[in-house]
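Trainee: I'd like to ask some things about the structure below.
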Amino acid sequence: MVEDMTGKNSRGRTGRPLKIPGEKSTREKIFDAAIDLFAERGYDRTTVRDIARAVGITESAVYRHYPSKESILEAIFAYVETRVYAPLPPARSAGGDDSSSVFRDMLEGLPRYLMADPYLVKIIHILFIEMHHNEKIRDYMTKEYGEKADDYTEMVFRKHMEEGTIRPCDPRALAKVFNAFRFAWLYQTFVLDDGKSRDIDPMEKDLEGSIELFEELLIP
């Protein structure tokens, strides 16, 4: 509880203690706790009571910010959507020059980008594990990492083919193959290898061979 300069307890008009500067809001704390618990226990095995207990508030306080556990899941989806199609860090070409292929641009910065956001690492784990038995999460994965991802990647590859920076081929088929590789890499790295070292350098080295293969096959 915050005290004013007279030593008296300061409260807002609602009678609740004033927020400490720099402290996360209650909604943010609920979001944080939910991600931690979903990643640790699974979505279905986590209750709103568990989330409230982790934050140190009542269940009714959780419901003031999120009407249901499903609405927290929707907030997680919304967060991912703001991050999935954000630009990756600039690629560092293997030869040290300024040239970079689209395949390097779309893969090389992936480990650094993901590891810079602890939310994303946990959310990836949640989505991959829960999609096998949660229909809502499976539908979301099908839409975002299937249809939408293929549409976006096809558009990128088609543009590069028109510019002559990728050899002509079926851009849709290439998008599907490329995205299948990214999906498999994410699953291997953040689910099958969960608990192993998550140093960025080994992840980047792991991707380098695949980047070079795409370049060898498809860069004129």
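Trainee: Given a Förster distance of 22 angstrom, what is the FRET efficiency for I219 paired with R198, based on the Cβ-Cβ distance and rounded to 0.05?
Mentor: 0.15
Trainee: Moving on to the next point. According to the Kirkwood expression over distinct Cα-Cα pairs, how big is the hydrodynamic radius of region 173-220, in Å?
Mentor: That comes to 11.9 Å for region 173-220.
Trainee: For a quick check of your reading of the filter: which GluC sites (Glu not before Pro) in region 181-220 sit in a DSSP loop and have no more than 10 other Cβ atoms within 10 Å?
Mentor: Sparse-neighbourhood loop GluC sites (Glu not before Pro): none present.
Trainee: Taking 0.36 nm per residue of separation and subtracting the Cα-Cα distance, what length does fully extending A173 through V191 add?
Mentor: Extra length available between A173 and V191 comes to 3.8 nm.
Trainee: Using a 1.4 Å probe over the heavy atoms of the protein chains, calculate the carbon and sulfur portion of the accessible area of region 131-197 as a whole percent.
Mentor: With neighbouring chains kept in place, the figure for region 131-197 is 55 percent.
Trainee: In whole Hz and in residue order, list the ³J(HN,Hα) couplings for region 137-151 that follow from phi through the Karplus curve 6.51 cos²θ - 1.76 cosθ + 1.60, θ = phi - 60°; x for Gly and Pro.
Mentor: Values per residue, Gly and Pro as x: 5, 5, 5, 5, 5, 4, 6, 6, 9, x, 4, 5, 5, 5, 4 Hz.
Trainee: Taking θ = phi - 60°, what integer Hz values does the Karplus form 6.51 cos²θ - 1.76 cosθ + 1.60 yield along region 170-180, in sequence order, with x for Gly and Pro?
Mentor: Karplus-based 3J(HN,Hα) across region 170-180 equals 6, x, 5, 4, 5, 4, 5, 5, 4, 5, 5 Hz.
Trainee: Translational diffusion coefficient of region 100-174 at 10 °C, 1.306 mPa s, Stokes-Einstein with Kirkwood Rh over Cα pairs, in µm²/s as a whole number.
Mentor: Answer, rounded: 111 µm²/s.
Trainee: Report the rotationally averaged projected area of region 118-220 based on its alpha-carbon convex hull, in square nanometres.
Mentor: Over all viewing directions, region 118-220 projects a mean Cα-hull area of 7.4 nm².
The values are calculated or read from the model by the stated rules, or taken from the named source; none is laboratory data. In this text the structure is predicted, and so the values were computed from the model without any measurement. Using ideal geometry, Cβ is built from the backbone for each residue, glycine included, and neighbour counts are taken over all protein chains shown. The area values use the complete protein model at the heavy-atom level, side chains included, leaving out ligands, DNA and RNA. Shrake-Rupley method; radii C 1.70, N 1.55, O 1.52, S 1.80 Å.
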